[in-house]
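Scroll down for the structure; my scribbles are underneath it.
The values are calculated or read from the model by the stated rules, or taken from the named source; none is laboratory data. What you are looking at is a predicted structure, and each value in this text was computed from that prediction instead of being measured. Glycine also receives a Cβ, built like all others from the backbone with ideal geometry; neighbour counts cover every protein chain displayed.
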Amino acid sequence: MGPLYPQELINPEYNLLIGFFIGIGFGFILEAAGFTNTRKLAGVFYGYDATVIKVFFTAAITALIGLFILHNMGVIDVTLTFYPKTFWIPTLIGGAIMGLGFIIGGFCPGTSLSAAATGKIDAWAFISGVLIGIFGFIFTYDSLWEALRKTGKLGKVDIAQWLGIKEGLFIFLLVIVTVVAFVVFQKWQNSWTNKMDASDLDDLGL
């Protein structure tokens, strides 16, 4: 939030309060969209619900285009935003582990917190597993994971820089990929739901 609001406009101490209210609103939207339902979230992996893909890709594209426009208008300086250096090997491994946890548990970390706020026991169990994994990683980092963590170093680079193309071109290509993904996943969903009877669809909330 810092690059958007100079200190003379908003005191830095208020950033946490603003973030708190944004978090509440985000959680409310997740619940309203049905993203605290494990069946809906896991449905993207089984092919019967493409909602997660549509929402996540739409959010990413909207943020990407918005930041690109605001940066070129001089409203925000993207170079001041933080993102860590890229280590592609542990990133792929971590992504695979998270994806597996997503399939098994039916939540991602954010949706599990929203679901827990509604009193869902399975969400609390999922959060417990996340905390066990976090602390397990922390206490075994030096002995088990430090060497792996530093493999595949690419430096502080984004995908457009890695591909050697302009940010505008990358955004355009990503929009095309997103539209194609929407069509493919929707057809996949339709093929699965056509095989299900009405009772199965009711159980899945579709």
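Brief remarks on what is shown
- Exactly one residue out of Thr118, Thr111, Thr151 is under 18 Å from Thr38 (Cα atoms), loosely packed, with under 13 Cβ neighbours inside 10 Å and in contact (Cβ under 8 Å) with a residue 60 or more places away in the chain: that is Thr118.
- Checking each residue in the range 57-90 for being closer than 30 Å to Asp122 by Cβ and surrounded by 14 or more Cβ atoms within 10 Å (Cβ to Cβ) picks out Phe57, Pro90.
Quick grid of which residues meet (1) surrounded by 15 or more Cβ atoms within 10 Å (Cβ to Cβ); (2) assigned to a helix (DSSP H, G or I); (3) at pLDDT 90 or above; (4) not acidic (Asp, Glu):
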| position | (1), (2), (3), (4) |
| --- | --- |
| Ile171 | yes, yes, yes, yes |
| Val175 | no, yes, yes, yes |
| Gln186 | no, yes, no, yes |
| Gln189 | yes, yes, no, yes |
| Asp203 | no, yes, no, no |
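- Criterion (over 27 Å from Lys156 (Cα atoms) and in contact (Cβ under 8 Å) with a residue 60 or more places away in the chain) met by exactly one of Leu64, Leu41: Leu41
- Residue check for Thr118: β-branched (Val, Ile, Thr) and within 27 Å of Gly66 (Cβ to Cβ): no
- Scanning the range 75-103 for residues that are of a type in the set (A, V, I, L, M, F, W, C) and more than 12 Å from Thr151 (Cβ to Cβ) yields a count of 11.
- Failed item in (1) farther than 30 Å from Ser191 by Cβ; (2) outside any helix (DSSP H, G or I), with Asn15 passing the rest: (2)
- The residue pairs whose first member lies in the range 130-148 and is over 18 Å from Phe102 (Cβ atoms), whose second member is assigned to a helix (DSSP H, G or I), and whose beta carbons are closer than 9 Å, counting only pairs six or more residues apart or on different chains, are Tyr141/Arg149; Leu144/Phe137; Trp145/Pro90; Trp145/Phe137; Leu148/Ile89; Leu148/Pro90; Leu148/Ile93.
- Checking each residue in the range 132-155 for being part of a helix (DSSP H, G or I) and either in contact with a strand residue (DSSP E or B) (Cβ under 6 Å, 6 or more places away or on another chain) or closer than 17 Å to Thr91 by Cα (or both) picks out Gly133, Ile134, Phe137, Ile138, Tyr141, Leu144, Trp145, Glu146, Ala147, Leu148, Arg149.
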